[in-house]
Amino acid sequence: MATARTENPLVVGLSKQNGQVRAQQKVASGPPGIGQLPQNQPFKTPTSGEGGLHQQGSGTTAIRFGDDWKKSLQLPPKDMRIRTSDVTATKGNEFEDYCLKRELLMGIFEMGWEKPSPIQEESIPIALSGRDILARAKNGTGKSGAYLIPLLERLDLKKDCIQAIVMVPTRELALQVSQISIQLGKRMGDLKVMATTGGTNLRDDIMRLDETVHVIIGTPGRLLDLVKKGVAKVDRTQMIVMDEADKLLSQDFLVILEEIISFLPKNRQILLYSATFPISVQKFMSKYLQKPYEINLMDELTLKGITQFYAYVTERQKVHCLNTLFSRLQINQSIIFCNSTQRVELLAKKITQLGYSCFYIHAKMMQEYRNRVFHDFRNGLCRNLVCTDLFTRGIDIQAVNVVINFDFPKNAETYLHRIGRSGRFGHLGLAINLITSDDRFNLKGIEDQLCTEIKPIPSSIDKSLYVAEYHSQSPEGEEE
Ligand SMILES: Nc1ncnc2c1ncn2[C@@H]1O[C@H](COP(=O)(O)OP(=O)(O)OP(=O)(O)O)[C@@H](O)[C@H]1O
Ligand SMILES: [Mg+2]
């Protein structure tokens with residue numbers, strides 16, 4: 001049954017399709033009605049494992065003074081979907097306002113990013129000034145760009161040393177962020193970005209660090225290993241970013257992070273980003289950050305584009321309920337969360353038996369399979385992904401319009417990050433929670449903590465709440 005391990009993922013459970021499916025094979029990897037988005041372009045996994053050293057093309061176009069450079073941009077098709085004020089309520093800045101290198105500007109525009117989002121407006125100029133930052137902004141509103149743009153701008157590519165580090169809590173997120181930095185920097189001729197994570201051959205990483213590396217993006221354990229061995233030399237590293245900082249500063253990682261920081265120069269810049277910052281982060285801040293600039297764009301916590309429902313069920317009714325959801329909803333792609341590895345595998349098996357296509361992913365799988373599932377799901381080879389909290393934070397798959405909590409999460413932070421996997425960059429999405437009697441108290445608690453309403457699921461859900469093509473666009477292209 002192992003859907004994740006199937007050589008050809010298309011053979012898994014295609015006899016019956018979700019109610020909304022029209023295409024028989026590949027699901028729309030971009031939203032219906034628009035061309036393929038840059039974010040959904042093939043996710044390249046480094047051929048020799050994920051610790052690959054990504055070298056920027058030697059064929060970079062030289063940009064000379066006076067060139068009409070905007071004409072040479074290779075822009076992706078425009079995304080015509082509605083965006084909520086979570087990303088459109090800006091001060092009206094332009095990327096050109098930040099005096100960025102032209103090569104970087106070109107990379108930004110070629111991502112299809114026309115204007116900075118609110119968190120990018122707040123963060124880019126301050127990060128460029130060298131100041132420490134603690135930034136809190138909603139899921140999917142562009143935090144990666146908010147730190148990667150100033151990070152790339154501040155590099156001196158003539159210097160052969162590791163100048164910036166980005167730490168993230170999961171391997172898949174490290175791959176995703178390194179991919180974005182490579183895309184943003186693709187016009188910056190000599191930029192060298194290295195992704196390094198556990199689950200890959202350490203020797204490969206050691207060999208790669210023999211060559212020039214300007215930016216390292218990875219998970220904490222592997223980086224500390226390389227630093228302690230003296231292979232990754234970080235004594236000239238001027239900037240460290242912690243994405244999903246509250247997770248990185250939790251007990252799982254804190255000691256490792258502190259040790260990595262102890263190898264950095266005293267005057268390094270530290271940037272912390274997340275949608276959630278529990279009080280525990282304060283202690284780290286006062287110990288390591290110098291006069292941090294605090295950004296908090298979370299006047300409310302949940303995204304405007306996501307509608308949340310719950311269905312009250314017994315444990316035994318859950319699979320039947322999911323089956324009903326599959327047949328009634330217009331799912332473009334869905335992520336289905338379970339609370340344990342074992343339940344992920346069991347549910348994936350059940351879904352396959354029901355005749356729907358599905359992949360699964362969790363941290364106990366071999367990294368090779370994880371990469372394959374992530375890659376193929378991003379590319380729309382399968383409609384549904386069952387997973388543990390491995391995919392709760394940071395993962396950006398624009399085609400996901402439905403998130404289902406098959407098992408309700410234990411805390412509000414996890415809930416917020418999970419449902420934030422849909423409704424990316426101000427788009428529309430649905431979050432559906434299967435609630436047993438044991439979860440009732442927790443449901444109320446999470447509603448209270450997030451000041452949000454999770455409504456009982458109606459017999460029919462209005463498609464204009466989560467299906468892009470059913471949503472009429474206002475003249476400004478904006479939706480409250
Ligand atoms: N200025 C922009 N214009 C258009 N799209 C953008 C812009 N900035 C980012 N995006 C897109 O928005 C999506 C979400 O970005 P990103 O993953 O950085 O969000 P995030 O805030 O880090 O979310 P999370 O909290 O879930 O980690 C990505 O697909 C990205 O390409
Ligand atoms: Mg992120």
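Show me the three semi-axes of the equivalent ellipsoid for the range 91-181, from the C-alpha gyration tensor (sqrt of 5 times each eigenvalue), largest first, rounded to whole Å.
Three semi-axes, in Å: 19, 17, 14.
Summing Lys, Arg as +1 and Asp, Glu as -1, what charge do residues with Cβ under 10 Å from the Cβ of LEU73 carry, LEU73 excluded? Don't skip to the end; give the middle numbers.
Values: positive: LYS70, LYS71, ARG187; negative: GLU110.
In short, +2.
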Under a 1.4 Å probe, counting only protein heavy atoms, ILE454 has an accessible area in Å², nearest 10, of 10
Counting other Cβ atoms within 10 Å, keep those with at most 14, restrict to DSSP loop, and tell me which GluC sites (Glu not before Pro) in the range 81-138 are left.
GLU94, GLU114
I need to check one value: relative contact order of the range 53-296, counting alpha carbon pairs closer than 8 Å and at least 6 residues apart, in percent.
25
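With a 1.4 Å probe and all protein chains left in place, how much accessible area per residue does the range 289-391 have, in Å²?
Details: 4320 Å² over 103 residues.
I get 42 Å² per residue for this part.
How big is the charge dipole of the range 90-161 about its Cα centre, in debye rounded to the nearest 20, if each Lys and Arg gets +1 on its Cβ and each Asp and Glu gets -1 on its Cβ?
240
Which loop-located trypsin sites (Lys or Arg not before Pro) does the range 239-314 contain, where loop means any DSSP state but H, G, I, E or B and the Cβ has at most 14 other Cβ atoms within 10 Å? Write down the numbers at each step before the final one.
Values: sites: LYS247, LYS266, ARG268, LYS283, LYS287, LYS304; in loops: LYS266, ARG268, LYS304.
Qualifying residues, ordered by number: LYS266.
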Rounded to whole Å, give me the distance from the Cα center of the range 132-151 to that of the range 399-413.
23
Förster-model FRET efficiency, 22 Å R0, MET298 and LYS455, C-beta, rounded to 0.05
0.50
For a paramagnetic label modelled at 7 Å from the Cα of GLU469 toward its Cβ, which residues of the range 305-333 fall within the zone defined by backbone nitrogen distances under 20 Å?
326-333
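Tell me the Kirkwood hydrodynamic radius of the range 196-237 in angstroms, computed as one over the mean inverse distance between distinct C-alpha pairs. Don't jump to the answer; show the numbers that get you there.
Values: mean 1/r = 0.0962 Å⁻¹.
The answer is 10.4 Å.
Kindly provide the trypsin sites (Lys or Arg not before Pro) of the range 325-423 that DSSP labels as loop, not H, G, I, E or B, and whose Cβ sees at most 15 other Cβ atoms within 10 Å. Walk me through the intermediate numbers first.
On the way: sites: ARG328, ARG343, LYS349, LYS350, LYS364, ARG370, ARG372, ARG378, ARG383, ARG393, LYS410, ARG418, ARG421; in loops: LYS364, ARG383, ARG393, LYS410, ARG421.
Here the sparse-neighbourhood loop sites are LYS364, LYS410.
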Mind pulling up the Rg/Rh value for the range 124-239? Radius of gyration and Kirkwood radius, both on Cα.
0.94
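Just how many % of Cα pairs in the range 53-296 lie over 28 Å apart, if you round to the nearest whole percent? Don't skip to the end; give the middle numbers.
Details: 8856 of 29646 pairs.
When every Cα pair of the range 53-296 is considered, 30 percent fall beyond 28 Å.
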Quick one: net charge of ALA164's neighbours, Cβ under 12 Å, K/R +1, D/E -1?
+3
Can you list the lysines whose alpha carbon sits under 21 Å from that of LYS287, skipping same-chain ones fewer than 8 residues off?
LYS247, LYS266
As a quick test, which of the pairs LYS192/LYS228; LYS349/LYS444; LYS71/LYS115; LYS304/LYS444; LYS101/LYS158 have an alpha carbon distance above 24 angstrom in this structure?
LYS349/LYS444
When you count, for each residue, the other Cβ atoms within 10 Å and take the mean per peptide, how do 70-81, 142-153, 194-205 rank with the highest first?
142-153, 194-205, 70-81
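The values are calculated or read from the model by the stated rules, or taken from the named source; none is laboratory data. Treat the numbers as computed from the prediction; the structure is a model and nothing was measured. Reconstructed Cβ throughout: ideal geometry from the backbone, glycine too, with neighbour counts over all protein chains shown. Please note that ligands, DNA and RNA were not included when accessible areas were found on the heavy atoms of the full protein model with its side chains. Shrake-Rupley method; radii C 1.70, N 1.55, O 1.52, S 1.80 Å.
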